[in-house]
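Everything below concerns the one structure shown next.
The values are calculated or read from the model by the stated rules, or taken from the named source; none is laboratory data. Bear in mind the structure is a predicted one, so any value in this text is a computation, not a measurement. Reconstructed Cβ throughout: ideal geometry from the backbone, glycine too, with neighbour counts over all protein chains shown.
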Amino acid sequence: MMLIRRVVFTIGFCVCAAAAEAAQINYSSFLDYAPTNSSRVASLPKFDPALGDLESISLYMNGSVLGTARYESFNATPRTVTLNLGAEIELQQPDMDTLAVSLPLISFSDNASAYDGVFDYDGASGGTFANLSASASVPLMEIPLTPENLAYFVGMGTVDFPVIARGASSGSGGGNIIFRFETLAAAEVGVQYKFREIPEPATAALVGIAVALARRRRR
């Protein structure tokens, strides 16, 4: 009989330890590549309060740019041309205030000869560089558990974040050079909820039995 009591107490103790552990759930929304100078919405599920007691909310964003950079130098002498293909991807709060900005950028240089007489973004005095890509991540941002934020993040349905993508490309080299950039931007927005789970009724009952047995054993 004493052996059975010890076994039940041990199981009850393990249940207590498991019930005390924090849990975590993650959701993400991926916005595929689309032309820059556009606005889209990333929708993320709210935290279901039936899961437990919410302890923290954190957001993150990964921004990416994909595109083509072109140039043509009309200078009479050779030049070193620098091209910067990038995007500015802004994550806004539901109230439209800026929350974070990702700046994916790729930079490189090319040597251009004197103008070859043909305006084609090619040849000795020009260049076309396709399928250029870069990514930049915004670190995990913890959201204060204010009443306003809880109203946004807790409940049923989704919370919507505007995502604004702008072209942020440039070129340099001096003199008469024409640059042309074509850019697409993508973004992944995610939320992380940390919470303490509410024990299932059966688990709560086992916890109660374990506590009762522990008290009985001490007597």
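Things to note:
- Among the numbered conditions (1) within 16 Å of Glu182 (Cα to Cα); (2) crowded, with 17+ Cβ neighbours inside 10 Å, the only one that Ser73 does not meet is (1).
- Against the conditions (1) touching a helix residue (DSSP H, G or I) at 6+ places or on another chain (Cβ under 6 Å); (2) modelled with pLDDT under 95; (3) not aromatic (Phe, Trp, Tyr), Lys46 satisfies every one except (2).
- For segment 172-191, the condition of being at pLDDT below 70 and exposed (fewer than 13 other Cβ atoms within 10 Å of the Cβ) holds for none of the residues.
- Some residue of segment 119-142 being touching a strand residue (DSSP E or B) at 6+ places or on another chain (Cβ under 8 Å), among the charged types (D, E, K, R) and part of a strand (DSSP E or B): yes
- Residue identified as within 19 Å of the chain's Cα centre (by Cα), among the polar types (S, T, N, Q), in a strand (DSSP E or B) and more than 18 Å from Glu142 (Cα to Cα) among Ser64, Ser28, Ser58: Ser64
- Residue among Asp48, Asp32, Asp110 that is within 19 Å of Asn149 (Cα to Cα), of a type in the set (D, E, K, R) and either out of contact with any Ser or Thr (no Cβ under 9 Å at 6 or more places or on another chain) or buried (at least 16 other Cβ atoms within 10 Å of the Cβ) (or both): Asp48
- Contacts under 6 angstrom Cβ, first residue in segment 89-105 being under 22 Å from Ser64 (Cβ atoms), partner assigned to a loop (DSSP other than H, G, I, E, B), 6 or more apart: Leu99/Gln93
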